[in-house]
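Every number in this text was worked out from the coordinates using simple rules, so none of it is lab data. Note that the structure is a prediction, hence the values are computed from the model and not measured. Using ideal geometry, Cβ is built from the backbone for each residue, glycine included, and neighbour counts are taken over all protein chains shown.
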Amino acid sequence: MALVSIIMPAFNAEKYIEECVDSIIAQSYADWELIIVDDGSTDSTPQLTDRFSGMDPRIRVVHRENGGVSKARNAGLDIAKGEYVVFIDADDIVPTDSLKTRMNLADNTDMVVAGYELFSEDRVIERMPACVRDTWNNHDTVRNIVVPGEIGYQGYTVNKLFRKDIIDDNNIRFEEGIAFNEDRLFCVMYAVHCNVVRLTGEPVYRYRITNTNATSTISKMTDRDIDRFMSEFLAFDLVLETLKEKYTDCFYFGAIDAQHRAIELKKTANEQAARIKRSLNSRIRKYGSIALRAPLSVAGIRKKMKILGHMFLLR
């Protein structure tokens, strides 16, 4: 069996990390290593992770100063020994056959995309739609990762299986200055090197929904928080840069999606969040000006009028 490296960043994860690790230990596919990167936690996460590594020799722990999720994942990639790579977050869980389901599709493919569930406590909130096809070509893959496509949003890293040689040969890493949307950027940078991708709707990941999402406190952010929050749009910029030469339609679809994201985030900011609103307004104009150049096959006249309206009705 091929070794799978599972990379888990963990920051102040004491509430859920034991449940997460237990779900990995219970995997029906046994040839894995778990690399937990403790990202400067100040709760009991460091002690818990050390205990896990003492319980199972397949678990390795790296303790480091806090540097964010992207740096933590990169630290895991730098020491991963597996032929394949899987990412998991410390507050989520994986079903027993999570690795087996992915590895059953791993031969003769560059990436596996599998199903996922969003849940809160014991209630499933959303499931990835059923797959219509069982393979994607290069353009299909890029298109479905850039914007939500035939099986919903695919910017997550956690429901996929990546080949380590593709990651290393193309020097693909998480952009360390980005705190949000870094997953989609990584997936796009990887997808442009994929020729064949295999799909399954079988859920391999359970993503926990909590009440600590960033937009719930957008109007209470410090300047540092705002910079981290707005780094999502640096990810959009890098995605567009990756696409603009070879994937023209995806480039314009990505710009439309980026403008839409800025509009949605602006709705969550109250009148006191002036700096955020200014930043989002500039993004609405920037991505809108790109989207207006899209061919009609990507954005029709009505769509372009709507984009233009968002650009000129800012306040």
> Taking a threshold of 21 Å on the Cα-Cα distance, which of the pairs K244/K306; K286/K306; K100/K160; K81/K160; K71/K246; K244/K304 fall above it?
Replying inline: K244/K306; K71/K246
> Say the dipole of region 85-216 comes from +1 at the beta carbon of Lys and Arg and -1 at that of Asp and Glu; which of N137, N159, G115 then lies farthest toward its positive end?
Replying inline: N137
>> Run through region 100-191 and list the trypsin sites (Lys or Arg not before Pro) located in a DSSP loop whose Cβ has at most 12 other Cβ atoms within 10 Å.
In response: R133
> What is the gain in length, in nm to one decimal, between F312 and D134 on full extension, counting 0.36 nm per residue of separation less the C-alpha to C-alpha distance?
Replying inline: 59.8 nm
> If you place +1 on the Cβ of every Lys and Arg and -1 on the Cβ of every Asp and Glu, how big does the dipole about the Cα centre of region 4-208 come out, in debye to the nearest 20?
Replying inline: 380
>> Under a Cβ-only charge scheme (Lys and Arg +1, Asp and Glu -1), can you give me the dipole magnitude of region 233-315 about the Cα centre, in debye to the nearest 20?
In response: 380
> Separation between the D50 and H63 pseudo-spin-labels, each 7 Å from Cα along Cα→Cβ, expressed in nm?
Replying inline: 0.5
>> Just want the ordering: E176, E65, from fewest to most Cβ atoms lying within 10 Å of their own Cβ.
In response: E65, E176
> Computed over the Cα atoms, what is the radius of gyration of the chain divided by 2.2 N^0.38 Å, N being its residue count?
Replying inline: 1.02
> Expressed as a rounded percentage, what relative contact order does the chain have, with Cα pairs under 8 Å and six or more residues apart?
Replying inline: 17
